[in-house]
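Trainee: I have a structure here, written as structure tokens, and I will follow up with some questions on it.
Taken together, the values in this text are just the output of simple stated rules run on the coordinates, not laboratory data. Just so it is clear, the structure is predicted and the values come from calculations on it, not from any experiment. FYI the Cβ positions are ideal-geometry reconstructions off the backbone, even for glycines, and counts take in every protein chain you see.
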Amino acid sequence: MDEALVEQLARLNERDIRTRNRLLGEGRLYGQYDQELRDIHTENAHALDEIVAIHGWPTITKAGIEGTRLAWLVAQHAICTPDLQRKFYRLLSEAAGKGDAPERQVALLADRIRFNEGRPQIYGTVLDWNEQGEFTCELEDPETVDERRGAVGLPPFEQARAEQEQEVRSEGGQPPEDYEAHKNGVDAWAKSTGWR
């Protein structure tokens, strides 16, 4: 296992977490996607791309389970760089297909990409407020979502949805006062970054 690679990935994530926690403390985490966090997510995505160019995807064999988790976290937050997030998804999927990365990570990243593209999710892992003020998501084939989730080690959808909503609310997140403005903002961001 490449300890230096794991340390490099850990530094990227530590910067992300520090910034997120500070923005949360300042009341800037929810509502708008803060520019400071956007910049870190973008910089980290490019840094991961450089790592991948040298080492390939940080698999369990190369970086241990913690290293592959850290790489996945950077990929999961690479939402300002659609081409890179899709590239990371392909590489992660290949590694998981060989048993060298967790299928759960593939599922979560697949849903993140679908959410950004404005498409229904497969596993239901990226949640947002809907027009009725519910914290949920649009699912592809909702009747069998718990089967798909179970196959990759995720808990039942409703259980996870309720837990995530409780966490978001405890941090100050709440339904937008103007849903149309919120939806239009999300759509505008997705178009400006090349997702749609």
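Trainee: Could you compute the FRET efficiency for A10 and R119, with r as their C-beta to C-beta distance and R0 at 35 Å, rounded to 0.05? Walk me through the numbers before you get to the answer.
Mentor: Numbers: r = 32 Å, r/R0 = 0.92.
Result of the calculation: an efficiency of 0.60.
Trainee: Which FRET efficiency value, to the nearest 0.05, do you get for S170 and E138 by plugging their Cβ-Cβ distance into 1/(1 + (r/R0)^6) with R0 = 30 Å?
Mentor: Details: r = 25 Å, r/R0 = 0.82.
Computed FRET efficiency for S170 and E138 comes out at 0.75.
Trainee: On full extension of the chain, what length is gained from I17 through D2, given 0.36 nm per residue of separation minus the C-alpha to C-alpha distance? Please report the intermediate quantities before stating the final value.
Mentor: On the way: separation 15, 0.36 × 15 = 5.40 nm, distance 2.28 nm.
Full extension from I17 to D2 adds 3.1 nm.
Trainee: Next question. Find out how many positive minus negative residues lie around A10, taking Lys and Arg as positive, Asp and Glu as negative, among other residues whose Cβ is under 13 Å from that of A10. Working shown, then result.
Mentor: Values: positive: R11, R15, R18, R69; negative: D2, E3, E7, E14, D16, E66.
That works out to -2.
Trainee: Once every DSSP H run of n ≥ 4 in the chain is given -39500 (n - 2.57) and the sum is divided by its residues, what mean residue ellipticity at 222 nm do you get, rounded to the nearest 500 deg cm²/dmol? The partial results should precede the final answer.
Mentor: Values: 8 runs with 128 residues, N = 196.
Theoretical 222 nm ellipticity from helices: -21500 deg cm²/dmol.
Trainee: Distance in nm between label sites at E43 and K183, each 7 Å beyond Cα in the beta-carbon direction?
Mentor: Rounded to a tenth, the inter-label distance reads 3.6 nm.
Trainee: While we're here: Under the definition of Cα pairs under 8 Å and six or more residues apart, what whole-number percent is the relative contact order of region 1-94? It would help to have the intermediate numbers written out before the result.
Mentor: Details: 81 pairs, mean separation 33.0, N = 94.
So the answer I get is 35 percent.
Trainee: Report, please, the projected area of the chain averaged over directions, based on the convex hull of its C-alpha atoms, in nm².
Mentor: Working: hull surface 43.3 nm².
Spelled out: convex hull of the Cα atoms, projected over all directions, averaged, 10.8 nm².
Trainee: Sorted from largest down, give the three principal axis spans of the alpha carbons of region 110-196, whole angstrom values.
Mentor: 35, 30, 20
Trainee: Using R₀ = 22 Å, calculate the FRET efficiency as 1/(1 + (r/R₀)^6) where r is the Cβ-Cβ separation of E26 and K191; round to 0.05.
Mentor: Details: r = 28 Å, r/R0 = 1.27.
Result of the calculation: an efficiency of 0.20.
Trainee: For region 174-188 and region 85-134, compute the distance between their C-alpha centroids and round to whole Å.
Mentor: After rounding, the separation between the Cα centres reads 22 Å.
Trainee: Which of the trypsin sites (Lys or Arg not before Pro) across region 103-152 are loop residues per DSSP, with 13 or fewer other Cβ within 10 Å? Show your work: numbers first, answer last.
Mentor: Details: sites: R104, R112, R114, R148, R149; in loops: none.
Within region 103-152, no trypsin sites (Lys or Arg not before Pro) qualify (loop, at most 13 other Cβ atoms within 10 Å).
Trainee: Kindly identify region 1-101 as rounded, prolate or oblate by the Cα gyration tensor criterion: order the square roots of the eigenvalues as a ≥ b ≥ c, call it rounded if a/c is under 1.5, otherwise compare a/b with b/c, prolate if a/b is larger, else oblate. The partial results should precede the final answer.
Mentor: On the way: a/c = 2.31, a/b = 1.74, b/c = 1.33.
Prolate, because a/c is 1.5 or more and a/b exceeds b/c.
Trainee: Let me check against my output: what whole-number percent is the relative contact order of the chain, with C-alpha pairs under 8 Å and at least 6 apart?
Mentor: Working: 220 pairs, mean separation 33.0, N = 196.
RCO, the chain: 17 percent.
Trainee: Could you work out the local net charge near Q159, counting Lys and Arg as +1, Asp and Glu as -1, over the other residues with Cβ closer than 15 Å to its Cβ?
Mentor: Numbers: positive: R148, R149, R161; negative: D146, E147, E158, E163, E165, E167.
Once positives and negatives cancel, what remains is -3.
Trainee: Using amide H atoms built in the peptide plane, which far-off residues or other-chain residues are under 5 Å from Q121 H to H?
Mentor: Here E138, L139, E140 satisfy the definition.
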